[in-house]
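> Structure below; questions to follow.
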Amino acid sequence: MQIDSIDHLVLTVRDIPTTCEFYVRVLGMQVVSFGNGRKALRFGQQKLNLHQAGAEFEPKALCPTPGATDLCLITSTPLPEVLNHLQTCAVAVEQGIVQRTGAVGAIQSVYIRDPDGNLIEIASYLDPSVIGLPLIGQTS
């Protein structure tokens, strides 16, 4: 067997509308509804399904807990622009800009927290071509 990609992850949250507002306003995600009124946050070809703490959809993680997730999200937006946007949105920056290692190469990252305290790493690859993106300023 070979795993090719992640389709979705689940975030257990205290308040779904508050989470949706934050991820749309700050991170540019799109709220989608599915199933019996369930909510998810779509970005690219992935999504974050949302579970209301105490009323999680079955099956679920053994110990679903708001604020227990660390996510790394890749952006093509230059990180100085990301920092300006976060400041405009009045979102505190935990750390940034710092060098890290992503799944396929070196990245630079900025860290923030969502309303539940989940750690959100917003990162860009130093060489975006490793994930199929052109270098900033280059066209194909």
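The values are calculated or read from the model by the stated rules, or taken from the named source; none is laboratory data. Small disclaimer: the values here were computed from a predicted structure and weren't measured. Because the Cβ atoms are built from the backbone with ideal geometry, glycine has one as well, and the counts that use them run over all protein chains shown.
> State which residue pairs qualify: first residue touching a residue at least 12 places away in the same chain (Cβ under 8 Å) and within 17 Å of M29 (Cα to Cα) and inside the stretch 69-97, second residue aromatic (F, W, Y) and assigned to a helix (DSSP H, G or I) in any location, beta carbons under 9 Å apart, and separation of 6 or more residues or different chains.
C89/F22; V91/F22
Each row is one residue, and each column tells you yes or no for (1) surrounded by 12 or more Cβ atoms within 10 Å (Cβ to Cβ); (2) within 30 Å of S129 (Cα to Cα); (3) in contact with a Leu (Cβ under 7 Å, 6 or more places away or on another chain); (4) β-branched (V, I, T).
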residue	(1), (2), (3), (4)
S5	no, yes, no, no
V13	yes, no, yes, yes
N36	no, no, no, no
L41	yes, yes, yes, no
K47	yes, yes, yes, no
G54	no, no, no, no
K60	no, no, no, no
C63	no, no, no, no
T77	yes, yes, no, yes
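> Which of the residues belonging to the stretch 79-106 are on the phi < 0 side of the Ramachandran plot, buried (at least 16 other Cβ atoms within 10 Å of the Cβ) and modelled with pLDDT under 95?
Answer for the stretch 79-106, where residues must be on the phi < 0 side of the Ramachandran plot, buried (at least 16 other Cβ atoms within 10 Å of the Cβ) and modelled with pLDDT under 95: just G102.
> Same structure, new question: Taking the residues in the stretch 1-27 that are of a type in the set (D, E, K, R) and either part of a loop (DSSP other than H, G, I, E, B) or without any contact (Cβ under 8 Å) to a residue 24 or more places away in the chain (or both) as candidates, determine which candidate is farthest from I112 (Cα to Cα).
Once the filter is applied, the top-ranked residue is D4.
> Before we move on, is L71 under 25 Å from S5 (Cβ atoms), under 14 Å from the mean Cα position of the chain (by Cα), surrounded by fewer than 17 Cβ atoms within 10 Å (Cβ to Cβ) and among the aliphatic types (A, V, I, L, M)?
Numbers: under 25 Å from S5 (Cβ atoms): yes; under 14 Å from the mean Cα position of the chain (by Cα): yes; surrounded by fewer than 17 Cβ atoms within 10 Å (Cβ to Cβ): yes; among the aliphatic types (A, V, I, L, M): yes.
Yes: the conditions hold for L71.
> Looking at (1) surrounded by 17 or more Cβ atoms within 10 Å (Cβ to Cβ); (2) at pLDDT 95 or above, which one does Y125 not meet, given that it meets all the others?
Looking at each condition in turn, Y125 falls short on (2).
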